[in-house]
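Undergrad: Structure in structure tokens, see below.
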Amino acid sequence: MKNYGVFIVLIAFGLFLPSHTFLKTRPTQTYNADVIIYGGTCAAITAAVQVKKMGKTVIIVSPDKHLGGLSAGGLGFTDTGNKEVIGGLSREFYQRLYAHYQKEASWKWQKKEEYGNKGQGTPAIDGTNRTMWIFEPHAAEQVFEDFVKENKLTVYRNEWLDRSAKGVVKNAGAITSFRTLSGNVYQGKMFIDATYEGDLMAAAGVSYHVGREANSVYGEKWNGVQTEVFQHGHYFKKPVSPYKIAGDPKSGLLPEISAEEPGEKGSGDKKLQAYCFRMCLSNHPDNRISFSKPVGYDAARYELVARVFATGWRETFDKYDPIPNRKTDTNNHGPFSTDYIGKNYDYPEATYERRKEIIKDHALYQKGLLYFLQNDPSIPADVHQQMQQWGLPKDEFTDNNNWPHQLYIREARRMKGEFVMTEADALGKTKVPNSVGMGSYSLDSHNAQRYVKKDGFVQNEGDIGVHPDKPYSIAYGAILPKENECKNLLVPVCLSSSHIAYGSIRMEPVFMILGQSAAAAAVLSIENKVSPQKLPYEKLQAVLLKEKQRLEW
């Protein structure tokens with residue numbers, strides 16, 4: 001009864017506990033393994049598989065129920081660049097998807113020969129290399145679950161790091177354990193932060209950056225504020241008034257436009273490239289659910305996109321990229337689309353409750369946009385008619401009302417580690433030391449703000465797309481904290497990189513590559529009784545080459 005009394009007092013004074021901490025579903029326990037991995041992303045899974053392959057014990061502590069992050073969360077039209085640099089377990093992931101789509105039973109809503117086989121720079125189904133680069137979310141999630149089952153991986157789901165001062169215990173500069181909000185404690189010799197947010201890294205006292213550095217910091221060109229730079233089609237190509245009454249500043253700004261000045265070109269800020277949900281849509285009449293009006297829907301917030309259509313713009317369906325079974329990976333495209341520009345700035349440092357609010361707000365924005373495009377009378381007839389063909393697939397994300405379970409956290413915290421990957425490195429203009437994997441995608445940043453120009457019209461800022469000279473290596477030091485900050489942590493996702501270099505590195509195949517390499521380094525560090533920072537690179541390189549990682553171009 002005393003516990004109930006305390007709870008009543010808490011309610012009376014408005015001291016509501018976070019939802020994670022209200023009830024414990026099991027007794028508090030302490031778990032031990034050689035390597036503890038925090039996160040449920042694709043990098044977490046490849047890291048755990050590699051630890052097991054090298055004969056050590058490993059535990060995945062995942063805040064997520066579903067494994068695989070964006071790779072299983074709607075990003076089925078893989079961003080890769082040059083596929084030849086993808087090796088190891090990352091390549092095996094795509095080979096397993098190839099095997100899946102060789103089965104006739106995998107083609108429920110479409111015949112295999114009807115699929116267009118369009119990929120990014122290569123056929124989706126690559127028979128020569130037996131890889132499949134384009135896939136459905138549920139197929140990808142099953143591959144990750146197969147990795148877990150076949151390797152007998154221990155995974156604790158819905159386990160959230162206690163980010164308070166008591167959440168991470170360190171001794172002599174090394175993590176000894178961390179606690180989750182359920183009260184469970186995880187002890188290990190080595191730790192890997194494989195989250196999109198970098199929560200374990202931050203809680204362990206490792207230095208990091210949020211936002212865009214000024215170009216002057218690392219001698220870059222494409223970092224910082226990038227006003228009047230248009231490298232994709234995600235800008236207002238014709239003049240559009242930002243005001244509620246077109247041309248009348250006194251009427252106030254339309255929704256989704258900032259009243260702030262954009263900042264001096266090349267200067268740094270705390271703004272982030274926009275997040276969105278990568279939406280899996282279906283146009284099969286028997287497998288689609290029409291877009292319903294979401295609770296809280298307000299048509300007025302989409303007036304800006306109606307004005308874009310009024311200029312004659314017709315690129316709505318340019319990023320409805322086809323994946324198998326008459327589905328899409330639908331991504332942001334155009335000046336006003338699924339990217340929720342300017343509404344994620346506080347996400348990296350936010351509390352769990354605040355992050356939930358941000359995610360919910362992003363979902364409302366996108367659901368409302370879909371409903372608006374399908375139903376609002378201001379939408380041109382041709383767009384309206386084509387939108388009527390689409391809906392959410394009945395057979396995806398079935399426990400989440402068919403909506404993706406993972407918001408696309410394109411960028412959050414970025415570590416300041418032993419080596420910082422910069423623009424020149426990601427453009428293939430340098431030779432970095434001690435490669436642990438490769439990248440090859442464009443420097444790709446989405447818009448960070450939408451503002452009013454001096455001439456009184458609206459514009460977006462932050463969208464960059466610069467191709468590298470050639471594929472590039474990623475330095476071992478980029479996944480290592482400074483040794484005086486933490487001696488037994490590796491960070492393959494929120495790695496050490498400038499904002500604009502991260503725009504290329506941040507691709508899902510690369511995260512799988514770096515997760516595997518981080519795990520190999522963790523195991524070798526245990527075996528050699530050294531910190532990862534002191535591990536002789538030659539020993540790591542030998543293991544990575546044996547595992548068929550691609551290290552040099």
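Undergrad: Could you check G252 against (1) at negative phi; (2) surrounded by fewer than 19 Cβ atoms within 10 Å (Cβ to Cβ) and say which number it fails?
TA: Among (1) at negative phi; (2) surrounded by fewer than 19 Cβ atoms within 10 Å (Cβ to Cβ), G252 violates only (1).
Undergrad: I need a count of the residues in segment 300-315 that are under 17 Å from D339 (Cα atoms) and open to solvent by 20 Å² or more (accessible area, probe 1.4 Å).
TA: So the answer is 3.
Undergrad: Report yes if some residue within segment 283-301 is closer than 23 Å to R414 by Cβ and either of a type in the set (V, I, T) or in contact (Cβ under 8 Å) with a residue 40 or more places away in the chain (or both); otherwise report no.
TA: The answer is no; no qualifying residue exists.
Undergrad: Given segment 407-496, what strands (runs of 3 or more DSSP E) lie entirely inside it while holding 1 or more residues that are more than 30 Å from A259 (Cα to Cα) and touching a Lys or Arg at 6+ places or on another chain (Cβ under 8 Å)?
TA: Per the criteria, 435-439, 472-475.
Undergrad: Can you name the residue in segment 209-233 that is touching a strand residue (DSSP E or B) at 6+ places or on another chain (Cβ under 6 Å), modelled with pLDDT of 95 or more and of a type outside the set (S, T, N, Q) and is also surrounded by the fewest Cβ atoms within 10 Å (Cβ to Cβ) among such residues?
TA: Only one residue tops the list, namely G211.
Undergrad: Further question on the same structure: Please enumerate the residues belonging to segment 375-393 that are assigned to a helix (DSSP H, G or I) and either open to solvent by 40 Å² or more (accessible area, probe 1.4 Å) or farther than 19 Å from D329 by Cβ (or both).
TA: Residues satisfying the conditions are N375, A381, D382, V383, H384, Q385, Q386.
Undergrad: If only one of K293, K265, K270 is at pLDDT 95 or above and under 25 Å from the mean Cα position of the chain (by Cα), which one is it?
TA: Checking each option against the conditions leaves just K270.
Undergrad: Would you mention how many residues in segment 40-74 are within 15 Å of the chain's Cα centre (by Cα), hydrophobic (A, V, I, L, M, F, W, C) and surrounded by fewer than 24 Cβ atoms within 10 Å (Cβ to Cβ)?
TA: Residues meeting the conditions: 0.
Undergrad: Further, regarding this structure: Looking only at segment 302-345, which residues are free of Cβ contacts under 8 Å to residues at least 40 places away in the same chain and among the hydrophobic types (A, V, I, L, M, F, W, C)?
TA: A310, the sole residue that qualifies.
The values are calculated or read from the model by the stated rules, or taken from the named source; none is laboratory data. Computed from a predicted structure; not experimentally measured. Virtual Cβ from ideal backbone geometry, glycine too; neighbours counted across all protein chains shown. Surface accessibility is based on the protein's heavy atoms, side chains included, excluding ligands, DNA and RNA. Shrake-Rupley method; radii C 1.70, N 1.55, O 1.52, S 1.80 Å.
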